[in-house]
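Chemist: Here it is, the structure in full.
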Amino acid sequence: MNDLPWLDITIFIPLGGAILLGAVPKDRVGALRTGALIVAVAAFAASLGILAGFEVGEAGFQLGSSLSWISEWGIGYTTGVDGVSLWIIMLTTFLMPLAVLASWSVDKQLKPYFIFLLSLETGMLGVFSALDLFLFYVFWEAVLVPMYFLIGLWGYGRRVYAATKFFLYTLAGSLFLLLAILYLYFAAPGEPTFDYRSLLGTELAFGTQVLLFLGFFASFAVKIPLVPLHTWLPDAHTEAPTAGSVMLAAVLLKMGAYGLIRFGIPLFPDAAQALAPLIITLAVIGIVYGALIAIVQRDIKRLVAYSSVAHLGFVVLGLFVGTIQGMSGGILQMLNHGLSTGALFLLVGVLYDRRHTRLIADFGGLAKSMPVYAGVFLLVALSSLGLPGLNGFVGEFLVLLGTYETYAWWVIPATFGIVLAAIYLLWAYQRVFHGDITNEANRGLSDFNVREYAMILPVVALIVFIGVYPKPFLDRIEPSAQKLVSQLNDSSVLPEGSGVAEAP
Amino acid sequence: MNLAQEFSQPEVQLGGIAPELLLVGVALIILVVDASFGRGDNRWYLAGLSALGLAGAAALAIMTWGDNELQLSNMIAADGLAAFSKVSLAAFGLLTVLLGRDYLARDKIEESEFYALVLFAVAGMMLMTAAADLIVMFLALETFSVSLYVLVAFRRASLASHESAMKYFLLGAFSSAFFLLGIALTYGAIGSTNLYGGADPVAEPGIANFITGTPTDDLSLLIVATGFLVIGLGFKIAAVPFHMWTPDAYQGAPSPITGFMAAGTKFAAFAALLRLFDASLFPLRSEWRPLLIVLAVATMIAGSVLAIVQEDLKRLLAYSSIAHAGFVLTGVIAANDRGVSGALFYLATYGVAVLGAFAVISLVAGRDEERVLLADHRGLFYEHPLLTTALTLFLLSLAGVPVTSGFVGKLVVFGAAVEAGYTWVVVVGVLTSAIAAFFYLKVMATMFLQERDPDAPALPVGRLASGVVAVAAVATIGFGLAWSPLINAAESATIFFQSPQEQSAPIPPGG
């Protein structure tokens, strides 16, 4: 079974499915929905092949393939998966069927909608699997176009503004990424290549390293997003359709953090170490600032969007404090944030489908009309604010533990951020679900239907599972995290082989 | 194809200009055929003859592939640069003719002169890329310029078309004068107008062998002459500050001709620039580089910024074409192998994308080009999903988004400049690309995200025109995915180089 290149199959199933969907007549709504769902489930099934074939305890890349694409330039189709990318890939394929289920309420231009959604998945999976800088950049940009259309065509309210802002912010950042990649390409000695593993360990002067790191960082920091480059995020998250918001929050934001882990830190370890205090400062500012702004939001979706800024601050904090706990926690927190924030957006989407509003003030007492919904929302909110026993706790706790070893003082404001998270989530919960039904429109709301159960229960199950038993997840993350930390702390001496491990 | 044989038979020395001769011949035949065979309603044979002629010219150009010599008393270079350029130009001409056929038939202004003039223009552009003497270069420049002046005014009923042609003509004549002055000064400096010179520098002087045989302090007059030549060529590539004509000429010209100008004129003038600077004047690169860098930076910034405020799609693409001239200039500045091949690749793929874009615009514009404003493209996607998708693809390519040929073009020219040590110029290029992305995005947003104007008339979409759009779209995405064949061809398209020190194409100067 493991002879098949599951990783590559997983990457291209959605794109192939999108092309096939192109052949379905556009008024066959049922066929389009079912088709998209089948494709998304098929990609998830294929990704289980990755999980099954993944060797625990191995720090290098696995299950990849390497084909020559444009050999004159040293460009290859090179993919692989390690502990950093494994769970994000799984998260992507896991969430996509749910996002398709959340798209039942899309009522216009269904065909291009699903085509964009599925090609988006291929782009995202490619980003997390590419081990060739050129290929990585292609996938990185390929994510941009479908997302732009998803927000711009099927979004709400100020969707054109939000889509344009999203596109321009990301493109401006990624052009610096391209420039830095080009510079690295020409600076590396020997046969010119874009292959990540060959470029690892390229000797660069410290000043050059810093400049190139900043080039990569410009692109990744926009995507994460780090304060003060976050202003595109509330607009894009709020105006995107539910599936778009889920994918943005759960997966697209991880692209930035992933880029830092995969490329920023290992390629330019000296620069990463030198700039770590600055980045940690930005991350902590993001934690507190995102939480404070979230408290005063009147729109639930915007509240969740700002909470992402805070949560991603935790991720970045963990990545740069230079301890194994921090790194593992940061990587796990990427998965956790994807699950809990993805679930929150799914839930807000359910509410919006019923009431066509997202303003907190329009609700109140919903626990009476939608008891199951209210219960699930509470569980997900608690997971998002890091209640012990649920997934968010494990990641945040590891990050704080790791931070305490090296940057002890920063733990104080970061912990304060968790307290603030409790405030904004629970206060919003109280206003939406408790009390009496003040608005008559909320009285007859129906609870989950079957499709919505199918959409939300898998996430809830995972949230509880990771919270209770995170070991299988951490076991696969830790070897890679360990390697990364040694690269960050021990930057003058590059590890032998630089992580080159062939697939078994 | 018997026409092709007729012209490939004469002595080898004509091989270098056989495509041009064929095209001029076919153009004359078209004029005679049309004059003799009456005035039928459906004169498909005119377009057919033109297409055959262009295909034949491309075949003749391919037959010279691999040649690397000077012909006709060192007047003509038969080298890779010329062959690559001629094939590309023939392709541009072919797309223009096919698109023009539908366009002219729709507006009921089909005349044989259109085809003949396009062929003359292509012949002039081809000669421009092969010219190894400034006089030939000037001759070629005037040949295609004069043809284009007429073609721009081809919509006789339209005042805008006339106005554009007049502006284009006046400014074009002005720039030709500068170019001539540059030629005269060159002659004064070196006693010849040849770019290379013969084997014996005394008997057959030329720019290249003059430079290698002269101490640098005697070159001041030649450097001044170079400055004037840059003005003449800078006008044709639409580099700032010689770009003033571009928006006006692009706006009023028939859309197929606008696309042809953007693709062909730029290609021909850049081929001449590449030959002049990266071959003949290569040893003087430290002298001309600052000049071209200033031009490139100004062009990239002005083109991208001014495009943002345009409401007319043709004007918008005119400013975008100015910005693209700046991007290609970074490849010329690099003056290394990668720069030359990158510029050629860029020009070839840019030409196809921009021709495709103007093909869509000409379709959307409708009869007499009444709907060319950005606002006329509102919600186009809901009426013509395929056309809109194609235009989006071209715009993404112009913006340089991966998986399109435009991205690869940017990658190679920017890469060449980074390799040559001009990273800061590339930083400007990257920043202006980001600015440029904004207005391409604006067009896309208009087509996809806004509601269609209910009063918009239905568009007749001809089969030839949609074929042109399809071919351009396939090429744009094809060369974006698998660019090896084209980049290999561009890399083997070396410029003829003849001087004692520099035997082969320019080597990377290393800063």
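Chemist: Can you say whether A:A163 is touching a residue at least 60 places away in the same chain (Cβ under 8 Å), assigned to a helix (DSSP H, G or I), under 19 Å from the mean Cα position of the chain (by Cα) and facing chain B (nearest Cβ under 9 Å), as far as the supplied structure shows? Show your work before the answer.
Modeler: Numbers: touching a residue at least 60 places away in the same chain (Cβ under 8 Å): yes; assigned to a helix (DSSP H, G or I): yes; under 19 Å from the mean Cα position of the chain (by Cα): yes; facing chain B (nearest Cβ under 9 Å): yes.
So A:A163 fits the description; yes.
Chemist: Could you grab me the full set of residues in region A:432-452 that are under 13 Å from A:Y373 (Cα atoms) and acidic (D, E)?
Modeler: If the condition is that a residue be under 13 Å from A:Y373 (Cα atoms) and acidic (D, E), then A:D447, A:E452 are the ones that fit.
Chemist: Within region A:107-118, can one find any residue that is in contact (Cβ under 8 Å) with a residue 40 or more places away in the chain, within 11 Å of chain B (Cβ to nearest Cβ) and of a type in the set (S, T, N, Q)?
Modeler: yes
Chemist: Quick one: in region B:427-448, which of the residues that are more than 17 Å from A:F166 (Cα to Cα) and within 22 Å of the chain's Cα centre (by Cα) is surrounded by the most Cβ atoms within 10 Å (Cβ to Cβ)?
Modeler: Among those that are more than 17 Å from A:F166 (Cα to Cα) and within 22 Å of the chain's Cα centre (by Cα), it is B:G429.
Chemist: Under 6 Å between Cβ atoms, which residue pairs at least 6 apart in sequence (or on different chains) link something in region B:230-246 that is over 13 Å from B:M128 (Cβ atoms) with a partner that is outside any helix (DSSP H, G or I)?
Modeler: B:G234/B:F242; B:F235/B:F242; B:T246/B:A238
Chemist: Looking at A:E191, A:E239, can you tell me which residue is acidic (D, E) and within 14 Å of chain B (Cβ to nearest Cβ)? Even if it seems obvious, please write down each step before you answer.
Modeler: Values: A:E191 fails: within 14 Å of chain B (Cβ to nearest Cβ).
Exactly one of A:E191, A:E239 is acidic (D, E) and within 14 Å of chain B (Cβ to nearest Cβ), namely A:E239.
Chemist: Among the residues that make up region A:353-362, is at least one of them hydroxyl-bearing (S, T, Y) and surrounded by 22 or more Cβ atoms within 10 Å (Cβ to Cβ)?
Modeler: If we filter region A:353-362 for residues that are hydroxyl-bearing (S, T, Y), which is where we start, we get A:357.
Imposing the further condition that a residue be surrounded by 22 or more Cβ atoms within 10 Å (Cβ to Cβ) reduces the set to none.
No.
Chemist: For region B:217-229, which residues satisfy the criterion of being touching a residue at least 12 places away in the same chain (Cβ under 8 Å) and of a type outside the set (V, I, T)?
Modeler: Selection gives B:L219, B:L221, B:L222, B:A225, B:G227, B:F228, B:L229.
Chemist: Just to be sure before I move on: is A:D270 over 21 Å from the mean Cα position of the chain (by Cα), farther than 22 Å from A:I331 by Cα and in contact (Cβ under 8 Å) with a residue 60 or more places away in the chain in the structure I sent?
Modeler: In short, no.
Chemist: Also: Report every pair of residues separated by at least 6 positions or lying on different chains whose Cβ atoms are under 9 Å apart, first residue within region B:442-458 and within 14 Å of chain A (Cβ to nearest Cβ), second surrounded by fewer than 15 Cβ atoms within 10 Å (Cβ to Cβ) and of a type in the set (A, V, I, L, M).
Modeler: B:K442/B:I308; B:T446/B:A375; B:Q450/B:A375
Chemist: Can you tell me which residue among A:V296, A:V315, A:V304 is surrounded by fewer than 18 Cβ atoms within 10 Å (Cβ to Cβ) and of a type in the set (V, I, T)?
Modeler: Result: A:V296 is the single residue among A:V296, A:V315, A:V304 that is surrounded by fewer than 18 Cβ atoms within 10 Å (Cβ to Cβ) and of a type in the set (V, I, T).
Chemist: Just one of the numbered conditions (1) over 20 Å from A:Y77 (Cβ atoms); (2) of a type outside the set (A, V, I, L, M); (3) surrounded by 15 or more Cβ atoms within 10 Å (Cβ to Cβ) is not true of A:G53; which one?
Modeler: The single condition A:G53 does not satisfy is (1).
Chemist: Quickly run through region A:194-211 and pick out the residues that are in a helix (DSSP H, G or I), more than 10 Å from chain B (Cβ to nearest Cβ) and without any contact (Cβ under 8 Å) to a residue 60 or more places away in the chain. Can you show your working first?
Modeler: Step one: of region A:194-211, the residues in a helix (DSSP H, G or I) are A:196-199, A:206-211.
Pick out the ones that are also more than 10 Å from chain B (Cβ to nearest Cβ) and you get A:196-199, A:206-210.
Scanning region A:194-211 gives A:S198, A:G207, A:T208.
Chemist: Same structure, new question: Being basic (K, R), at pLDDT 85 or above and over 28 Å from A:L319 (Cβ atoms) narrows it down to one of A:R431, A:R476, A:R443, so name that one.
Modeler: Residue meeting the stated conditions: A:R431.
Chemist: For region B:421-441, give me the residue count where each residue is small (G, A, S) and facing chain A (nearest Cβ under 8 Å).
Modeler: Total satisfying the criteria: 3.
Chemist: Further question: For region B:11-39, enumerate the residues that are among the β-branched types (V, I, T), farther than 17 Å from B:A77 by Cβ and at pLDDT below 90.
Modeler: Residue satisfying the conditions is B:V33 alone.
Chemist: What single numbered condition from (1) surrounded by fewer than 24 Cβ atoms within 10 Å (Cβ to Cβ); (2) farther than 19 Å from B:E419 by Cα; (3) within 12 Å of chain B (Cβ to nearest Cβ) fails to hold for A:Y156?
Modeler: Exception for A:Y156: condition (3).
Chemist: List the residue pairs whose Cβ atoms are under 7 Å apart, where the first residue sits in region A:122-138 and is within 16 Å of A:L248 (Cβ to Cβ), the second is of a type in the set (F, W, Y), and the two are 6 or more positions apart or on different chains.
Modeler: These pairs meet every condition: A:G123/A:F139; A:V127/A:F136; A:V127/A:F139; A:V127/A:W140; A:F128/A:Y258.
Chemist: Something else now. Taking only pairs six or more apart or across chains, which ones have beta-carbon atoms under 6 Å, a first residue in region A:412-426 that is not assigned by TED's automatic domain parsing to the domain that holds A:A381, and a second residue that is surrounded by 14 or more Cβ atoms within 10 Å (Cβ to Cβ)?
Modeler: Taking only residues 6 or more apart or on different chains, not a single pair turns up.
Chemist: Looking at (1) surrounded by fewer than 20 Cβ atoms within 10 Å (Cβ to Cβ); (2) under 20 Å from A:R262 (Cβ atoms), which is the one condition that is false for A:S47?
Modeler: (1)
Chemist: Kindly establish whether B:V352 is in contact (Cβ under 8 Å) with a residue 12 or more places away in the chain and of a type in the set (V, I, T).
Modeler: The answer is yes for B:V352.
Chemist: Quick one: A:F139 ticks every box in (1) over 25 Å from B:T423 (Cα atoms); (2) within 19 Å of the chain's Cα centre (by Cα); (3) at the interface with chain B (Cβ under 10 Å from one of its Cβ atoms) except a single one, so which number is it?
Modeler: (1)
Chemist: Write out, first by first residue and then by second, each pair whose Cβ atoms fall under 8 Å of each other, whose residues are 6+ apart or on separate chains, and whose first residue, in region B:461-473, is touching a residue at least 12 places away in the same chain (Cβ under 8 Å) while the second is of a type in the set (D, E).
Modeler: Matching pairs, first to second residue: B:G462/B:D102; B:R463/B:D102; B:L464/B:D102; B:A465/B:D102.
Chemist: Do any residues in region A:78-97 that are under 20 Å from A:G318 (Cβ atoms) have Cβ atoms under 8 Å from those of residues that are outside any helix (DSSP H, G or I), where the two are at least six apart or on different chains, and which pairs are they?
Modeler: Final answer for the pair search is A:D82/A:E58; A:D82/A:A59; A:D82/A:G60; A:D82/A:F61; A:D82/A:Q62; A:G83/A:A59; A:L86/A:F54; A:I89/A:V81.
Chemist: Which of (1) over 22 Å from A:L346 (Cβ atoms); (2) outside any helix (DSSP H, G or I); (3) touching a Ser or Thr at 6+ places or on another chain (Cβ under 9 Å) does A:D270 not meet, given it meets every other one?
Modeler: (2)
Chemist: Related question: Check whether at least one residue in region A:71-82 is in contact with a Gly (Cβ under 7 Å, 6 or more places away or on another chain) and either part of a loop (DSSP other than H, G, I, E, B) or surrounded by fewer than 21 Cβ atoms within 10 Å (Cβ to Cβ) (or both), and report yes or no.
Modeler: Yes, some residue in region A:71-82 is in contact with a Gly (Cβ under 7 Å, 6 or more places away or on another chain) and either part of a loop (DSSP other than H, G, I, E, B) or surrounded by fewer than 21 Cβ atoms within 10 Å (Cβ to Cβ) (or both).
Chemist: Identify all residues within region A:164-184 that are surrounded by 20 or more Cβ atoms within 10 Å (Cβ to Cβ) and in contact with an Asp or Glu (Cβ under 9 Å, 6 or more places away or on another chain); write none if there are none.
Modeler: If the condition is that a residue be surrounded by 20 or more Cβ atoms within 10 Å (Cβ to Cβ) and in contact with an Asp or Glu (Cβ under 9 Å, 6 or more places away or on another chain), then A:F166, A:T170, A:L171, A:S174, A:L178, A:L182 are the ones that fit.
Chemist: Then there's this: Can you tell which of A:L214, A:L144 is more than 10 Å from chain B (Cβ to nearest Cβ), farther than 25 Å from B:R452 by Cβ and either among the aliphatic types (A, V, I, L, M) or surrounded by 20 or more Cβ atoms within 10 Å (Cβ to Cβ) (or both)?
Modeler: After ruling out the rest, the residue left standing is A:L214.
The values are calculated or read from the model by the stated rules, or taken from the named source; none is laboratory data. What you see is a predicted model, and the numbers here were worked out from it, not measured in a lab. Using ideal geometry, Cβ is built from the backbone for each residue, glycine included, and neighbour counts are taken over all protein chains shown.
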